[in-house]
C-alpha cells in the first residue's frame, strides 16, 4: 500500500480501556478522512475506541463475521490464512498508518484471513454499522475507500512477487525507517522471510555502501534515500 499523505489536523482521543484510566492519544487522521470537517471527526471519534493490543493479540480471525474497521496507529499487524495442510501463509504485513479488514465489511462476508499483532499495537477501532450510516453516504469518503482498496490489492500483488533479499530489505527500510530502528531484528527477518544471519550480513553491506550511517546509540539513519530506493526498483548496482 502506498504511503498516504499525513493529514494536517490532529485530534485527542480518550480511551478508557488502557490502564483503566482516561488516556489521551494524539490521533493523526488517516488521509481517508482528510476532507471531513472537525464536527465530522468528532462524530467519528464517538463511534470509535482506541485500543492497545499486545504482541500475538488477534484483531479478527478467519471465518469470523466483521463488525469493525481497524486503523493501525502504532505497530505492525500481519494478515495470514491457513492452507489445506493447516500451515499459516502470510498474505501481507501492515505498517502505520493503515486500514485493515475493510473488504469483509463492505461485502458483508466473513473474514478470509486472520490479523495478528506482530508487536505492541495501538488501533483505532470503528463500529462499522455506525460508520456506514454516518459516513459512507459521503461521496468523497466512499471514493477514497475504493482507492484504498485498489492500492491494497496492488500492494498485496507486489508483496507476493519474487524479490531478492536486498530488494526486500531496501524497500522495508525506505518505507519504515523508524520501525527498522525500533523493531527487533529477528522479527524483521521473519517478516522479510530471510534468516537473521542474512539480515545482519545485508545491513553490514548497506552500511559499507554508505546507504545509512549509525549513531552512538546504535540507530541507523538513511543518508542516501535515492540510492536505497534504487536497490528495490532495480536500477542500482547489485550488492
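The values are calculated or read from the model by the stated rules, or taken from the named source; none is laboratory data. Keep in mind that this is a model prediction, so the values were computed, not measured. All Cβ positions, glycine included, derive from the backbone under ideal geometry; neighbour counts span all protein chains shown.
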Is one or more of the residues making up the range 35-42 under 29 Å from residue 171 (Cα atoms), exposed (fewer than 14 other Cβ atoms within 10 Å of the Cβ) and in the same structural domain as residue 136 (by TED's automatic domain parsing)?
no
Taking the criterion of being assigned to a loop (DSSP other than H, G, I, E, B), touching a helix residue (DSSP H, G or I) at 6+ places or on another chain (Cβ under 7 Å) and over 30 Å from residue 171 (Cα atoms), would at least one residue in the range 79-92 satisfy it?
no
I'd like the residue in the range 140-167 that is within 25 Å of residue 212 (Cβ to Cβ) and within 16 Å of the chain's Cα centre (by Cα) and, out of all such residues, is modelled with the lowest pLDDT.
159
Is one or more of the residues making up the range 17-28 assigned to a strand (DSSP E or B) and at pLDDT 85 or above?
no
Does the range 187-210 hold any residues that are over 16 Å from residue 164 (Cα atoms), touching a residue at least 12 places away in the same chain (Cβ under 8 Å) and exposed (fewer than 13 other Cβ atoms within 10 Å of the Cβ), and which are they?
210
Check residue 180 against each of (1) modelled with pLDDT under 90; (2) within 17 Å of the chain's Cα centre (by Cα) and name the one condition it does not meet.
(1)
Flagged in the range 192-226 as closer than 14 Å to residue 173 by Cβ, more than 24 Å from the chain's Cα centre (by Cα) and assigned to a helix (DSSP H, G or I), in numbering order, are 204, 205, 206, 207
Filter the range 54-75 for residues that are within 25 Å of residue 141 (Cα to Cα) and touching a residue at least 60 places away in the same chain (Cβ under 8 Å) and give the result.
59, 66, 67, 68, 69
Filtered residue count, the range 96-114, keeping only those that are within 11 Å of the chain's Cα centre (by Cα) and either at pLDDT 95 or above or over 20 Å from residue 184 (Cβ atoms) (or both):
4
